[in-house]
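Report on the structure given below.
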Amino acid sequence: SNEGITGSISTLIGGLEDLRYLFLNNNPMTGTIPTELGLCEKLEVLRVHRTNIQGTMPDEICSLRDKNLHSESGTGVLYSDCRPNNRTGDPFLKCDCCSDCCDHLTGVCV
């Protein structure tokens with residue numbers, strides 16, 4: 001679908017120090033995940049699946065899992081399109097630290 005939030009995530013997002021929840025899923029967004037998002041140390045939930053965001057999840061985001069994101073208590077979750085694409089075999093977004101990897105085409109998350 002081409003409806004919803006378009007464009008890319010600005011590096012200025014790192015200035016949102018109190019950001020706790022970021023739901024960008026199901027929007028035709030493009031670009032990559034900026035490393036500056038890792039400055040949002042209170043982030044508990046990040047969902048960037050079913051977008052056109054590509055590349056690799058920055059280490060700065062993965063380091064948040066030791067704080068609130070991707071916590072063992074199950075309160076933090078990190079969803080992205082990191083399941084292999086059926087056409088190319090590569091994920092839309094490579095992520096070694098995601099709590100759930102989704103198939104971009106089917107929307108199934110595991």
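Could you tell me which of the residues Thr56, Thr75, Thr106, Thr88 is modelled with pLDDT of 90 or more and open to solvent by 20 Å² or more (accessible area, probe 1.4 Å)?
Step by step, each of Thr56, Thr75, Thr106, Thr88 is checked, and only Thr56 is modelled with pLDDT of 90 or more and open to solvent by 20 Å² or more (accessible area, probe 1.4 Å).
If His70 satisfies every condition in (1) farther than 18 Å from Thr30 by Cα; (2) modelled with pLDDT of 90 or more; (3) touching a Leu at 6+ places or on another chain (Cβ under 9 Å); (4) not β-branched (Val, Ile, Thr) but one, which is the exception?
His70 satisfies all of (1) farther than 18 Å from Thr30 by Cα; (2) modelled with pLDDT of 90 or more; (3) touching a Leu at 6+ places or on another chain (Cβ under 9 Å); (4) not β-branched (Val, Ile, Thr) except (2).
Check Gly31 against each of (1) in a loop (DSSP other than H, G, I, E, B); (2) in contact with a His (Cβ under 8 Å, 6 or more places away or on another chain) and name the one condition it does not meet.
(2)
The values are calculated or read from the model by the stated rules, or taken from the named source; none is laboratory data. Everything numeric here is computed off the predicted structure, so don't read it as measured data. Glycine gets a Cβ as well: all are built from the backbone with ideal geometry, and neighbour counts include every protein chain shown. Side chains included, ligands, DNA and RNA excluded: accessible areas come from the protein's heavy atoms. Shrake-Rupley method; radii C 1.70, N 1.55, O 1.52, S 1.80 Å.
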